[in-house]
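The values are calculated or read from the model by the stated rules, or taken from the named source; none is laboratory data. Everything numeric in this text was worked out from a predicted model, so none of it was measured. Neighbour counts are summed over all protein chains in view; Cβ atoms, including those assigned to glycine, are modelled from backbone coordinates with ideal geometry. Quick note on the areas: whole protein, heavy atoms, side chains included, nothing else; ligands and nucleic acids left out. Shrake-Rupley method; radii C 1.70, N 1.55, O 1.52, S 1.80 Å.
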Amino acid sequence: MKRVLIIAVAAALAATTASAEWVYEGQWGSRGSGPGQLYSPVDVAVAPNGNVYVAEFHNFRIQYFTATGSFLGMWYVGNKVTPIGVAVAPNGNVYVVGSGKGCVQYFTSNGSFLGIWGSSGSGNGQFSSPWGKLGNGPGEFSLPHGIAVAPWGNVYVADNWNTGVQYFTRNGSCLGRWGEHWRPVGALRVAISADGTGFAVDSWNHRIRYCTTSGSLIGEWGTRGSGNGEFDKPHSVAVSPTGSRVYVADKRNYRIQYFNRNEPAVSPTSLGRVKALFR
């Protein structure tokens, strides 16, 4: 019984002094307009089945891939729309936000058109940029650029020029802000994993930061470059359904990179500290 208690306490100590790191696993893409090539990938989303959807700003299309980047298919977004955002619903339908026309189009998982709504403007059901009220107070925005909904319903908004992420109840009551002490840091896009970890794209500094859902910084990775795990103006982040893999749209490197979770081991030092408690 004593041994079981020691091991349990050792694991708890290790969990409080170390956190998972995200390490480079792979990538796909190169500059171009052919199948599997990418030109300004601006958003990435993961479907419930693990397939990955990529919105390309300059190629005016959506491509989709397996979880490790094998090309599956693509379609062009009509109505003279430049895609700037993509999301996948639980039923597999794909939603595409278009620039210029202020609309949202939605498709089946393989690109068959289903419908459209919205237009440019500031009325109900219309869209513009920025939206909301301009400012830097709670519930105010300056160039909001990304949005994510947590499994428990809270809504997270990447408030880019206010250098942080604001989060709200599903009805819009402001709960708080990440990144008040991160300056100068932009938060271009945001994603929330099933375990509650939040990921923010810091495009200005070519890195990804990850936090608790209340904004306490856990860690970060990335620097400017074109090597493995490096970024040049990353533009979006998405998490796999299991939370074990993170995808980053590496815009100016014309690729998608993906990373996996490297869980920390219980260190001998921590175990020794626990054993000392029972001497």
Legend entry - Enumeration of residues in region 16-30 that are surrounded by fewer than 19 Cβ atoms within 10 Å (Cβ to Cβ) and over 20 Å from residue 203 (Cβ atoms): 16, 17, 18, 19, 20, 21, 23, 25, 26, 30
Inset, instruction - May I ask you to list the residues in region 228-264 that are under 18 Å from residue 87 (Cα atoms), open to solvent by 10 Å² or more (accessible area, probe 1.4 Å) and assigned to a loop (DSSP other than H, G, I, E, B)? - result: 240, 241, 242
Legend entry - Verdict on residue 98 being open to solvent by 20 Å² or more (accessible area, probe 1.4 Å), out of contact with any His (no Cβ under 8 Å at 6 or more places or on another chain), modelled with pLDDT under 95 and more than 13 Å from residue 249 (Cα to Cα): no
Inset, instruction - Scan region 69-95 for residues that are closer than 19 Å to residue 34 by Cβ and open to solvent by 50 Å² or more (accessible area, probe 1.4 Å) and jot them down. - result: 70, 71, 72, 74, 76
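Can you tell me how many residues in region 206-227 are over 19 Å from residue 150 (Cβ atoms) and open to solvent by 60 Å² or more (accessible area, probe 1.4 Å)? Walk me through it before giving the result.
Initial filter on region 206-227 (over 19 Å from residue 150 (Cβ atoms)): 206-207, 219-227.
Still in the running and open to solvent by 60 Å² or more (accessible area, probe 1.4 Å): 220, 223-224, 226.
Total satisfying the criteria: 4.
Which residue out of 33, 122 is over 28 Å from residue 150 (Cα atoms), open to solvent by 40 Å² or more (accessible area, probe 1.4 Å) and of a type outside the set (Asp, Glu)? Let's see the steps before the verdict.
On the way: 122 fails: over 28 Å from residue 150 (Cα atoms).
Answer to the selection: 33.
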